[in-house]
Amino acid sequence: MTDEPRVIDARGHRCPVPSLRLRRALQDHPETDRFVLLATDPMARIDVPFLMTDLGGAVLDVVDADDHIAITVSRRVVPLG
């Protein structure tokens, strides 16, 4: 697995495009564990957690930047503790 997160830039697109781009990146890059989705549509805050739950992954962090949201996800659930 690659330690560096792969960045998916979906700024300027309305949902469901950000989630679809994230899903495609997860499929196309099985060697990568973490991804950072950049989105401007606030619905990504809702759509991405649902997507990751469906895929068996997890949202690790959500950061509000000046002009976008950065959502960091992991393709697998990270154990607590």
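Bear in mind these aren't lab numbers, they're just calculated from the coordinates by the rules spelled out. The structure displayed is predicted, hence computed values, not measured ones.
Numerical summary
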quantity	calculated
Extension reserve of the D9-V63 stretch, reckoned as 0.36 nm per residue once the Cα distance is removed	18.0 nm
Gaussian network model of the chain, Cα within-10 Å springs - most flexible of P49, P18, P30	P30
P(r), alpha carbons of the chain - 5 Å bins starting at zero, rounded %	3, 17, 30, 27, 15, 6, 1, 0
Rg and Dmax of segment 1-45, Cα atoms only, in Å	10.5, 30
